[in-house]
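Below you'll find the structure, written out as structure tokens, and then a few comments.
The values are calculated or read from the model by the stated rules, or taken from the named source; none is laboratory data. Bear in mind the structure is a predicted one, so any value in this text is a computation, not a measurement. All Cβ positions, even for glycine, are placed from backbone atoms using ideal geometry, and neighbour counts span all protein chains on display. Ligands, DNA and RNA are stripped out before the accessible areas are found, and what is left, the full protein with its side chains, is counted by its heavy atoms. Shrake-Rupley method; radii C 1.70, N 1.55, O 1.52, S 1.80 Å.
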Amino acid sequence: MEEIKVSPDYNWFRSTVPLKRIIVDDDDSKVWSLYDAGPKSIRCPIILLPPVSGTAEVFFQQVLALTGWGYRVISLQYPVYWDLMEFCDGFRKLLDHLQLDKVHLFGASLGGFLAQKFAECTHKSPRVHSLILCNSFSDTSIFNQMWTANSFWLMPAFLLKKIVLGNFAKGPVDPKMADAIDFMVDRLESLNQSELASRLTLNCQNSYVEPHKIKEVAVTIIDVFDQSALSLEAKEEMYKLYPNARRAHLKTGGNFPYLCRSAEVNLYIQIHLRQFHGTRYAAISPSMVSAEELQVQESQLSQHEDDDQSEDSCLQADQ
């Protein structure tokens, strides 16, 4: 039980990466908790947004691996917000406070939905350069909870936890997935009534993503083939919404692949971010980009230029 909580990696993370608390709203009770690791010179980091049951710690394996490769990574925990626009406004103020003009967002489940809504909300003055959506959704109606969304704030904490636990995997799972579930249950226990109620409200109040507003944003969709809280229909809807998105599939991983299949998830994040190396939107320190990676990048770039030139010659021939 609780193998992750006593693991050397988790203890190393807790002892080396400080937890910061930041208030950006007039309401002093709205506190953002975050881990900000990696080179501070990076102005377009990757920010990790947790699911309903998660805290900033749930992405500790991403923080350790990605910063080890030279990336700047920020893992967040939300304050209590009851409305999507209120969340987007608070998140925008947080980015202003951190002096971050544009960012890459990795969101798991609710975190992915909030990432999409923030990208949509700021589309006229874009703050999101790219999205990685893990086991996420684009329409809250899939949860069939819209009628109860407005009453979550009244429910006691034990009942809210029961609702969340109802979406966790049931039946036999492999040891790593079992450890991930134990760890997420522990994180869930650390959330108070208003934190849980507000997240469930954001998760279930009537809302959907308007993809035409974020069509310029590069997207990678990470999902699993085994049992997760998301239906096949919800996954198919995401594919339809983002037809040009890169797709990264994991054979197994359940609801929390970033914990139990962290090496694969970290690799997919790295592949996604690699397309921005050498640009002002790179999330990695230039000194940490390996010569081999640069070579691959240059060959891709020259291939792209060749394609553009052949397109131009075709156009001239047509004229």
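Structure above, values below:
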{"item": "Candidates V73, V63, V52, V24, filtered to the one that is under 17 Å from S130 (Cα atoms) and of a type in the set (V, I, T)", "result": "V73"}
{"item": "Filtered residue count, region 242-270, keeping only those that are of a type in the set (V, I, T) and either open to solvent by 80 Å² or more (accessible area, probe 1.4 Å) or modelled with pLDDT under 95 (or both)", "result": "1"}
{"item": "Restricting region 157-198 to residues that are of a type in the set (F, W, Y) and open to solvent by less than 50 Å² (accessible area, probe 1.4 Å), the residue that is farthest from V58 (Cα to Cα)", "result": "F168"}
{"item": "Selection within region 227-241 - surrounded by 15 or more Cβ atoms within 10 Å (Cβ to Cβ) and either in contact with a helix residue (DSSP H, G or I) (Cβ under 7 Å, 6 or more places away or on another chain) or part of a helix (DSSP H, G or I) (or both)", "result": "A234, K235, E237, M238, L241"}
{"item": "Complete set of residues in region 32-72 that are over 25 Å from I181 (Cα atoms), small (G, A, S), touching a helix residue (DSSP H, G or I) at 6+ places or on another chain (Cβ under 9 Å) and outside any loop (DSSP other than H, G, I, E, B)", "result": "A37"}
{"item": "Residue ID - surrounded by the fewest Cβ atoms within 10 Å (Cβ to Cβ), chosen from residues in region 73-118 that are assigned to a helix (DSSP H, G or I) and under 10 Å from the mean Cα position of the chain (by Cα)", "result": "L110"}
{"item": "Candidate set: region 197-220, residues that are of a type in the set (G, A, S) and touching a helix residue (DSSP H, G or I) at 6+ places or on another chain (Cβ under 6 Å); chosen: the one farthest from L159 (Cα to Cα)", "result": "S207"}
{"item": "Where a residue in region 158-187 is farther than 18 Å from R199 by Cβ and at pLDDT below 90 and its partner, wherever it lies, is open to solvent by 60 Å² or more (accessible area, probe 1.4 Å) and of a type outside the set (G, A, S), with Cβ under 8 Å and at least six apart", "result": "A169/Q227; G171/Q227"}
